[in-house]
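Have a look at the structure below before the remarks.
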Amino acid sequence: MTVDELHRARQEYDALVARGLELDLTRGKPSPRQLDLANAMLEQPVGAVSAAGVDLRNYGGLEGLPELRAIFADALQVPVDQLLAAGNSSLELMHDAVVFALLGVVPGAERRWADVEGLTFLCPVPGYDRHFGICERFGIRMIPVPMTPEGPDLDVVERLVAGDPAIKGMWCVPKYSNPDGTVYSDETVRRLAAMETAAPDFRIFWDNAYAVHHLTDTETGIAGLLALAAGHGHPDRVFVFGSSSKITFAGAGVAFFGSSPANLEWWLSHTVKRSIGPDKLNQLRHVQFLRDADGLRTHMRNLADLIRPKFEAVDKILSAELGGTGLASWTSPAGGYFITLQVPPGCARAVVAKAKEAGIALTPAGASHPYGDDPDDRVIRIAPTFPELPEVEAAISAVATCVRLVAAEKAVAG
Ligand code: PLP
């Protein structure tokens, strides 16, 4: 990198700042046009009676509507009778699962997790900041585990869980993971199901948030962890989570919890104390709108048609502006909501700061790591779904300008 190149990068950046842009790539939210595709739900439900003739306007039905659970059972790889439909947020269910395990005794446990010295979760990185936020909130120690193209590095995971009984949990986003879009390989899932853990009450928090969020016509499948774990003699190892937040309405979807019969009994023994039943009218609304698994599939294809051009634009612009420079690499996921941009070590924070000065909001560097600490300072999460296409294009081009400037400044400073 020469002084001339630095000079050029600065000029480009100054011109960018002068444009006074105001763009936002932080929000992993559906765009208004995506939400519009579910607007029929605003006129639903028509009527208020379930398939079994239950009046859904009243209390009760803690397990959720069976006909809705049937629509999502295949997608989440959980038998209908082991899948519950709950409120509007799966994050809430994950939070509750941790709290219930802290304050109650999960099946197979000797004591409450609150009484475990050095209670620890494994955290594949890069990962989802809100998972890490739950751990931080409750003082649960987090150990980062590197991601590989096949999922978390199982050599590391197997060694850690075999040696430390205080490791009680692990976060996983197995399909189109947040933020790098990784799909866990069958072998990764098999090893997670089969591995020996020092803790008899070890739980995998299987957050299958993007189970049906394909960007192409290929519906990528993964191995079914719940069934595999049972087959390997660990029936209670898995808590499955999912929701329709990024399918129907992000603020008014339905969340799901799936697990073994023993875990479900434990779960319901806690939830029965906090609720007399979920919003079954919203669940009926979802049944009437999606109809069945095929209806869900068709709706996801329609959503993908809106999202795909944005992901393609990011890839195209990054290739044109940074391809072959050695300054960045990025993921091209086949589904999900995010792209991970990797910049040279020690540059991510500076790129995010420069982008901010130029009016482009990016997720804080480090957010994809426990305690907000990316030790290499390399990872930047890009969320292209919410802004309209021209805004995505302008914002990504601006980010490329920032990457070039930060890299040039660093190279010239030596
Ligand atoms: N899990 C993952 C991996 C996510 O990326 C998100 C949202 O971005 C959520 C859960 C939130 O899900 P919900 O809206 O069901 O609470």
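Just so it is clear, none of the values below were taken in a lab; they were calculated from the coordinates. Computed from a prediction, not measured in an experiment: that's the story for all the values here. All Cβ positions, glycine included, derive from the backbone under ideal geometry; neighbour counts span all protein chains shown.
How much length is gained if the chain between GLN44 and ARG141 is pulled fully straight, taking 0.36 nm per residue apart and subtracting their Cα-Cα distance, in nm to one decimal?
30.5 nm
Output wanted: per-residue J couplings in Hz (rounded whole) for the stretch 367-383, from phi through Karplus 6.51 cos²θ - 1.76 cosθ + 1.60, θ = phi - 60°, x for Gly and Pro.
Each residue of the stretch 367-383 in turn: 4, 7, 10, x, 6, x, 10, 8, x, 8, 6, 10, 8, 10, 8, 10, 10 Hz.
Only loop residues by DSSP count here, and only those with at most 14 other Cβ atoms within 10 Å; note down the chymotrypsin sites (Phe, Trp or Tyr not before Pro) in the stretch 22-102 that meet that.
Those that pass, being in a loop and sparsely packed, are TYR59.
Mind listing the long-range amide H neighbours of TRP330? Cut-off is under 5 Å, sequence gap 5 or more, other chains count too, H placed in the peptide plane at 1.01 Å from N.
Excluding prolines and chain starts, which carry no amide H, the hits are GLN342.
Once you have the alpha carbon radius of gyration of the stretch 202-275, what is it after dividing by 2.2 N^0.38 Å, with N set to its residue count?
That works out to 1.27 for the stretch 202-275.
Would you kindly give the portion of the calculated P(r) for the stretch 60-116 that falls above 15 Å, as a percent of all Cα pairs?
For the stretch 60-116, the fraction of Cα-Cα distances above 15 Å is 60 percent.
What number does the stretch 99-244 give for Rg over Rh if you use C-alpha atoms and the Kirkwood radius?
0.95
Mind telling me which of PRO370, PRO144, PRO179 comes out most flexible in a GNM of the chain, alpha-carbon contacts under 10 Å?
PRO144
Taking DSSP loops as anything outside H, G, I, E and B, show the longest stretch in the chain free of GluC sites (Glu not before Pro) there with at most 15 other beta carbons within 10 Å.
220-387
Which ³J(HN,Hα) values in Hz, rounded to whole numbers, follow from the phi angles of the stretch 330-336 under the Karplus curve 6.51 cos²θ - 1.76 cosθ + 1.60, where θ = phi - 60° and Gly and Pro get x?
8, 8, 10, x, 8, x, x
Starting from the amide H of GLY87, placed 1.01 Å from N in the peptide plane, find each other amide H under 5 Å away whose residue is 5 or more places distant or on another chain.
Close amide H contacts, sequence-distant or interchain: ALA255.
Given R₀ = 30 Å, what would the calculated FRET efficiency be for LEU21 paired with THR216, taking r from the Cβ atoms and rounding to 0.05?
E(calc), rounded to 0.05, equals 0.45.
Hey, which of these cross-link pairs are over 32 Å Cα-Cα: LYS168/LYS273; LYS175/LYS410; LYS29/LYS410; LYS246/LYS410; LYS168/LYS410?
Beyond 32 Å between Cα atoms: LYS175/LYS410; LYS29/LYS410; LYS246/LYS410; LYS168/LYS410.
How large is the convex hull of the Cα atoms of the chain per residue, expressed in Å³ as a whole number?
139 Å³
Using the Karplus curve 6.51 cos²θ - 1.76 cosθ + 1.60 with θ = phi - 60°, work out ³J(HN,Hα) for each residue of the stretch 395-412 in order, rounded to whole Hz, and write x for Gly and Pro.
5, 5, 4, 5, 4, 4, 4, 5, 4, 4, 5, 4, 5, 5, 4, 5, 5, 5
Working out 0.36 nm times the residue gap between GLU196 and LEU389, then minus their Cα-Cα distance, what length gain in nm do you get to one decimal?
My answer for the length gained is 64.8 nm.
Compute the separation of the alpha-carbon centres of the stretch 336-382 and the stretch 18-35 and state it in Å as a whole number.
17 Å
Determine which aspartates and glutamates satisfy two conditions relative to LYS310: a Cα distance under 14 Å, and not lying fewer than 8 residues away in the same chain.
ASP24, GLU388, GLU391, GLU393
I want to verify a result. In a Gaussian network model of the chain, Cα cutoff 10 Å, which of these has the top mean-square fluctuation: VAL272, VAL173, VAL125?
Per the Cα network of the chain with a 10 Å cutoff, VAL272 tops the list.
What is the spin-label model distance, in nm, from VAL80 to THR148 if the labels are put 7 Å beyond Cα along the C-beta direction?
Placing both labels 7 Å along Cα→Cβ, they lie 3.9 nm apart.
In nm, give the distance between the simple-model label positions of SER332 and ALA70, each being 7 Å from the Cα along the Cα-to-Cβ direction.
Placing both labels 7 Å along Cα→Cβ, they lie 4.1 nm apart.
Using the basic label-point model (7 angstrom from Cα toward the beta carbon), what is the ARG10 to ALA114 distance in nanometres?
Going from the ARG10 label point to the ALA114 one covers 5.8 nm.
Given an 8 Å cut-off on Cα distances and at least 6 residues of separation, report the relative contact order of the stretch 350-408 as a percent.
Across the stretch 350-408, relative contact order equals 35 percent.
Considering amide H positions built from the backbone, and no H for Pro or chain starts, which residues 5 or more places from LEU23, or on another chain, come under 5 Å of its amide H?
For LEU23, whose amide H was placed from the backbone, the distant partners under 5 Å are ILE360, ALA361.
Dividing the Cα radius of gyration by the Kirkwood radius, what Rg/Rh value follows for the stretch 334-412?
Result for the stretch 334-412 is an Rg/Rh of 0.96.
Where the centroid of each part is defined by its Cα atoms, how far is the stretch 114-192 from the stretch 261-309 in Å?
25 Å
For the chain, what does -39500 (n - 2.57) per DSSP helix run (n ≥ 4), summed and divided by total residues, give at 222 nm, in deg cm²/dmol to the nearest 500?
-13000 deg cm²/dmol
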